[in-house]
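Participant: Got a structure for you, questions after.
Where a number appears in this text, it was derived from the coordinates with a stated rule and is not lab data. Source: prediction; values computed, not measured. A quick note on method: Cβ atoms are made from the backbone with ideal geometry, for glycine too, and the neighbour counts reach across all protein chains shown.
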Amino acid sequence: MNNAKGKTAVIDYGAGNLHSVMCALRRAGADAFVAESPSELCDCGGIILPGVGAFGYAMRSLRDSGFDIAIKGAAKRGVPLLGICLGMQILFSESEESPGEEGLNILPGKVTLLKAEGLKTPHMGWTDIFDCGGRLLQGVNSGEFMYFVHSFGVHSEGCRAAAAQYGEIFDAAAERGNVFATQFHPEKSGESGAKILRNFMRICEEENA
């Protein structure tokens, strides 16, 4: 087990692109480690929940490992939490992708199939974001491009931190208290994404000071 005190935990539950995330965090100067068991979240200074694949599979993996309870407990304690891509979607209660499968229910809103008539899905590639705000996107301007790969979009209730459009307008980022999320991949979004990861590291430092 790693000495997790004060470090940023990147959760390994079999549904995340850990290598890219860890490489980007190291470039951002983060003291991060891969958490393979829920107990490693007890003393960490921040949590990143990556995710690729299907909503239902991700939630079953989190429940089978016990990470679901550990993540919700850490969020309630005020530990900064960042969900990325599918990791954003599972912070909500449910998704049209996996009817009947309960999400973490940490943020309010819904996840629906992108209404992108005439466009290829999944939405894959560089898209600009707009209506940016909040702590996570500090210094990020509307019109900056981020890298997206997804077929379902989040429509949060009162916690949108940025929007994007692919057919319909959806949440590109969300923020409420100590919980943050991006539909795009900051680890694949060049300097704009690196800025967001550095912001998250700064938030972790401030919350653990």
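Participant: Just need a number here: residues in the range 23-64 that are closer than 27 Å to residue 112 by Cβ, more than 16 Å from the chain's Cα centre (by Cα) and touching a residue at least 40 places away in the same chain (Cβ under 8 Å).
Facilitator: 4
Participant: Here is a follow-up. Looking only at the range 106-116, which residues are in contact with a Phe, Trp or Tyr (Cβ under 7 Å, 6 or more places away or on another chain) and in a loop (DSSP other than H, G, I, E, B)?
Facilitator: Here is the first cut: in the range 106-116, the residues in contact with a Phe, Trp or Tyr (Cβ under 7 Å, 6 or more places away or on another chain) are 107, 109-114, 116.
Hits for the range 106-116 are 107, 114, 116.
Participant: Spot the failing condition for residue 206; the list is (1) farther than 18 Å from residue 22 by Cα; (2) touching a His at 6+ places or on another chain (Cβ under 9 Å); (3) assigned to a helix (DSSP H, G or I), and only one is missed.
Facilitator: The one condition residue 206 does not meet is (2).
Participant: So, restricting to helices (runs of 4 or more DSSP H) that lie completely within the range 28-96, which ones have at least 2 residues that are surrounded by fewer than 19 Cβ atoms within 10 Å (Cβ to Cβ) and not small (Gly, Ala, Ser)?
Facilitator: Values: elements: 55-65, 67-77, 86-89.
Filter on the range 28-96 gives 55-65, 67-77.
Participant: Would you point out the residue of the range 1-15, among those that are of a type outside the set (Asp, Glu) and closer than 11 Å to residue 67 by Cβ, that is surrounded by the fewest Cβ atoms within 10 Å (Cβ to Cβ)?
Facilitator: 14
Participant: Being touching a residue at least 40 places away in the same chain (Cβ under 8 Å), surrounded by fewer than 20 Cβ atoms within 10 Å (Cβ to Cβ) and not basic (Lys, Arg) is the requirement here; does residue 167 meet it?
Facilitator: yes
Participant: Suppose the filter is in contact with a Cys (Cβ under 7 Å, 6 or more places away or on another chain) and closer than 21 Å to residue 66 by Cα; does residue 91 pass it?
Facilitator: no
Conditions (1) charged (D, E, K, R); (2) more than 16 Å from the chain's Cα centre (by Cα); (3) assigned to a strand (DSSP E or B); (4) surrounded by 15 or more Cβ atoms within 10 Å (Cβ to Cβ), marked per residue:
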{"residue": "118", "(1), (2), (3), (4)": "no, yes, no, no"}
{"residue": "125", "(1), (2), (3), (4)": "no, yes, yes, no"}
{"residue": "134", "(1), (2), (3), (4)": "no, no, no, yes"}
{"residue": "138", "(1), (2), (3), (4)": "no, yes, no, no"}
{"residue": "142", "(1), (2), (3), (4)": "no, yes, no, no"}
{"residue": "148", "(1), (2), (3), (4)": "no, no, yes, yes"}
{"residue": "153", "(1), (2), (3), (4)": "no, no, yes, yes"}
{"residue": "172", "(1), (2), (3), (4)": "no, no, yes, yes"}
{"residue": "180", "(1), (2), (3), (4)": "no, no, yes, yes"}
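Participant: Could you list all residues from the range 104-116 that are over 17 Å from residue 161 (Cα atoms) and surrounded by 22 or more Cβ atoms within 10 Å (Cβ to Cβ)?
Facilitator: Answer for the range 104-116, where residues must be over 17 Å from residue 161 (Cα atoms) and surrounded by 22 or more Cβ atoms within 10 Å (Cβ to Cβ): just 104.
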